[in-house]
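The values are calculated or read from the model by the stated rules, or taken from the named source; none is laboratory data. Computed from a predicted model, the values in this text were never measured in an experiment. Because the Cβ atoms are built from the backbone with ideal geometry, glycine has one as well, and the counts that use them run over all protein chains shown. Accessible surface areas use protein heavy atoms only, side chains included; no ligands, DNA or RNA. Shrake-Rupley method; radii C 1.70, N 1.55, O 1.52, S 1.80 Å.
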Amino acid sequence: MKRTGLLSFLIIFIGIVYIARLFYLQILNNSFNKPTLNNSAVKVMYDYPERGYIFDRNGVLMVANQLSYDVMVIPREVKPMDTIAFCTLLKITKKEFIEKIDKAAHYSTRIPSTFLAQVSKEDYASLQEILYKFKGFYIQKRSLREYPKNSAANVLGYISEVNEFMMNKNSNYHLGELIGTAGVEKSYEEVLRGVKGVKFIQRDRFNKEIGSFKNGLYDTLPISGNDITLTIDAVLQQYGEGLMANKRGGIVAIEPATGEILAMVSTPTYDPNLMVGRERSKNFTKFYLDSVNKPLLDRGLQAQYPPGSPFKVISALTALQENVISTESSIQCFGGYKYGSGKGAFMRCHCETNGSPVALNKAIYRSCNSYFAAAYRKVIEKFPTPTEGVNVWSKHAKSFGLGNYLDNDLSVGQKGSIPDGALYNKIYPNGRWRSTATISNSIGQGEVLTTPIQLANMTAAIANEGFYYIPHIAKKIKDKSLAKKFTKPIYTTIDKKNFKPVIEGLFDVFDNPRGTARGSIVEGIKICGKTGTSENPHGQDHSIFIAFAPKDNPKIAIAVFVENGYWGSRWAGPIATLMIEKYLNGETSRPLLEERMLTGSIQEEYDKQLKELLKVEK
């Protein structure tokens, strides 16, 4: 009897468990009723949203959308058909047809993927009338980018089709969808892309569509991407690109009070509209393989150059901070600085002071190599070992954002190089090195490398007398707030009091009759700046210039690099001051200089380099 009771209890208990489980699965948890991509009875259709629009700081539209049509395929649904007629309709070869079908089937036989992207409006009209004859194919509407200003290609970037590698990294994307691949499109992909809508279509056992699955219960509508307002000034950006025509190099302009990037020019550049449509892949390949002009290289962010004389400002500030010089400290310069007994231990100088005393102010506006070499040497030799001295110098330089990526919101970059004691201990493993072994650092040569954006940021920190904001490209994002790190000031290791005399010297670069930028003076605007010539073993030296203006309450800080531009005041100086004048006044008071910069070319110098390169390769 006891056994019968126990058996009855077990039967009732197990029955209750099964009923409870079935109730949970069928009533409480309906996950098994939800459609899946691998459910052969349900067809999945995506509805792609518009990407967010991109505007400049003044509301000028820089990136918009245009309607595009993609031919999609579900491989398992493709039936025997007239392949030749289909290929003729789509203007592709039979070989391309087979490759595309194989690629789609490899991805998934059930999930739709892009067979042919970005069909023209004219072809779309023809396809609409006849595509029903080709089972397994359908047309998907989506938006492509268009660039009304034909400018700022390096800033805006481009979108491209998702490949298998991208898809494996992010499950939100399917093969053939569009994704931001460079520039702002990449940095702010999650903001711009929006959310795609999904429709589930029920099919019967004959694979015929019979209506919405569960009456559209699981269907979703697309959500458009958020618009972005950039910090870029579209007028200034286009002006800078014009000034840099037929030249190679980069310009970065920053608003010191916010860290907002006003212009970020890289030349040679390209029309961003060439990276849209059916020709995108061909054009990308052409640009990518151009190893001479390198149009895809963002020189403002990625090109690393010795900064030359603008770096002397760091040498001055470091020496003042370490109390090894004062504003009255002076030296005599006789055409260079001798720092050893050997024939090669001599740093030439072109300040033309002819042995007269050179103090800090004059050293800056005349760009005296000897003065800054002596100041640098005093910093290093203040400490018991050169390793300690170089580490202190390196710490001060890096506090200006040099030698690192700046933690900005840009999609590419290089960190440059600010050497420290560890590097020289590797170069001189026996430990027998002194301050004179690194003396070239004092004038921005040696192992020092910077990018234009780093120099522009350094200039902004000087304009602010000791702090900067992380340079950034996004000013406002619809329905989102900007990252807090962009609104927090970052302080250098230099005391505010030490910036005053240095800024006076930078002002005298223009204001003093013997200043190195006297020829680029702008009436009515007090500009502080520094010319630079960076030594280059592969042709003419680079032309460099940094500046900020106005002197009081600065509105713009700028760095200009012109590759093989001979010297700072020849190309970079005039271009920088024209940019400043354009931004502050809206126009220039120096039309002849403007015309010379707009039409001037260094192409002949680049052609010489190419010929020499070809000789070496032969």
Q) Taking the Cα atoms only, what angle lies between the long axis of helix 452-463 and the longest principal axis of the chain, rounded to 10 degrees? A) 60 degrees
Q.
How large a share of the accessible area of the range 409-542, in percent, is made up of carbon and sulfur atoms when the probe is 1.4 Å and the other protein chains stay in place?
A. 48 percent
Q: Report the label-to-label distance for LEU613 and ARG432 in nanometres (one decimal), using points 7 Å from each Cα along the Cα→Cβ vector.
A: 4.1 nm
**Q.** Using alpha-carbon coordinates, inclination of helix 280-289 to the longest axis of the chain, degrees
**A.** 30 degrees
Q) Any idea what angle helix 94-107 forms with the longest principal axis of the chain, computed on alpha-carbon atoms, 0 to 90 degrees, nearest 10? A) 80 degrees
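Out of the total accessible area of the range 158-249 (probe 1.4 Å, heavy atoms of protein only), what percent is carbon and sulfur? Write down the numbers at each step before the final one.
On the way: 2250 of 4410 Å².
Percent of accessible area from carbon and sulfur atoms in the range 158-249: 51.
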Q) Using 7 Å Cα-to-Cβ label points, what is the ASN585/MET81 separation (nm, one decimal)? A) 6.5 nm
Q) Cβ under 13 Å from PRO574's Cβ, PRO574 left aside: what net charge do those residues give with Lys, Arg +1 and Asp, Glu -1? A) +3
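With every protein chain left in place, what is the accessible area per residue of the chain in square angstrom, probe 1.4 Å?
Working: 29560 Å² over 618 residues.
That works out to 48 Å² for each residue.
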Q: Report the local net charge at ILE470: Lys and Arg +1, Asp and Glu -1, summed over other residues whose C-beta lies under 12 Å from its C-beta.
A: 0
Q: Sticking with the crude label model, points 7 Å out along Cα→Cβ, report the distance from THR258 to SER108 in nm, one decimal please.
A: 4.3 nm
Q.
For the range 570-612 and the range 219-281, what is the centre-to-centre distance using only Cα atoms, to the nearest Å?
A. 20 Å
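Below 11 angstrom from the Cβ of TYR173, what's the summed charge of the other residues (Lys, Arg +1; Asp, Glu -1)? All intermediate terms of the calculation are to be shown ahead of the outcome.
Details: positive: LYS169, ARG193, LYS196; negative: GLU161, GLU164, GLU177, GLU189.
Once positives and negatives cancel, what remains is -1.
Can you show me the helix-derived [θ] at 222 nm for the chain, built from DSSP H runs with n ≥ 4 at -39,500 (n - 2.57) apiece and divided by the number of residues, rounded to the nearest 500.
Working: 21 runs with 210 residues, N = 618.
Taking each H run of at least 4 residues, the total per residue is -10000 deg cm²/dmol.
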Q | Three-way shape label, the range 84-128, alpha-carbon gyration tensor, a/c 1.5 | A | oblate
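Ignoring ligands, DNA and RNA, please state the percent of accessible area on the range 549-614 from carbon and sulfur, probe 1.4 Å.
Details: 1580 of 3020 Å².
The value for the range 549-614 is 52 percent carbon and sulfur by accessible area.
Give me the extension gain from ILE14 to LEU289: residue separation times 0.36 nm, minus the current Cα-Cα distance, reported in nm with one decimal. Show your work: numbers first, answer last.
On the way: separation 275, 0.36 × 275 = 99.00 nm, distance 7.03 nm.
The ILE14-LEU289 span can extend by a further 92.0 nm.
If you stretched the chain out fully between LYS497 and LEU482, how much longer would it get, using 0.36 nm times the residue separation minus the C-alpha to C-alpha distance?
Details: separation 15, 0.36 × 15 = 5.40 nm, distance 3.22 nm.
So the chain would gain 2.2 nm between LYS497 and LEU482.
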Q) Which stretch or stretches of the range 379-415 have amide N atoms under 20 Å from the point lying 7 Å from ASN425's Cα along the Cα→Cβ direction? A) 380-398
(Q) Quick check: residue separation of LYS338 and MET166 times 0.36 nm, minus the Cα distance between them. What number comes out in nm? (A) 56.2 nm
